[in-house]
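Data block below; observations after.
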Amino acid sequence: MEINGVAHIQLTVNDLQQSMPFYEKVLGFMGMTPVVRAFNMLYMIGGRTAVAITRSSEENRQKKFDHRRIGLHHVCFRARSKEDVDELYEFLLKNKIKVIHPPEEGPWAPGYYSVLFEDLEGIRLELNYVPAKGHFEHSEKLPLKSLPGYEDYPD
């Protein structure tokens with residue numbers, strides 16, 4: 001058996017009415033189309049992926065997103081080119097969306113190139129481009145323990 005990608009991602013937000021236009025704008029720019037727009041959900045599809053945005057439960061609405069808490073750290077979408085990453089970056093700047101890091105190369109795979117940004121509630125989103133076969137092309141060159149940020153993870 002081999003999976004065929006990620007069918008959907010569901011993100012939970014505190015302020016759904018504020019988040020829906022944000023996600024429609026950003027995911028729409030990335031080629032996704034809203035197929036469900038309801039009082040309790042936004043569901044967008046594109047690039048063989050779907051993203052659902054739903055509201056948090058009443059008892060959790062005062063909590064803020066923390067990418068180091070158990071659960072989701074960030075969502076990374078795959079681009080078809082470095083130019084797509086650059087184009088999204090310009091869109092983010094134009095729309096005054098918080099950018100964590102501008103387009104840059106990273107050590108996570110040969111040729112890795114990405115932009116990292118946040119939604120209105122601090123959920124981190126990334127768009128990356130990895131040429132050719134990524135890890136599968138030169139997997140012998142990338143031991144995970146050498147990656148930045150992994151030094152504080154125990155064995």
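The values are calculated or read from the model by the stated rules, or taken from the named source; none is laboratory data. Just so it is clear, the structure is predicted and the values come from calculations on it, not from any experiment. Note: ideal-geometry Cβ built from the backbone for every residue, glycine included; neighbour counts use all protein chains shown.
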Anything in region 80-130 that is surrounded by 15 or more Cβ atoms within 10 Å (Cβ to Cβ), out of contact with any Phe, Trp or Tyr (no Cβ under 9 Å at 6 or more places or on another chain) and under 20 Å from His67 (Cβ atoms)? List them, or say none. Trp108, Leu116
When you check Val6 against the structure, is it modelled with pLDDT of 95 or more and among the aliphatic types (A, V, I, L, M), yes or no? no
Of the numbered conditions (1) within 14 Å of the chain's Cα centre (by Cα); (2) at pLDDT below 95, Phe136 fails exactly one; give the number of that condition. (1)
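Here are some residues: Gly28, Gly5. Which one is in a helix (DSSP H, G or I), more than 19 Å from Gly122 (Cβ to Cβ) and not polar (S, T, N, Q)? Step through it out loud before you land on a result.
On the way: Gly5 fails: in a helix (DSSP H, G or I).
Result of the check over Gly28, Gly5: Gly28.
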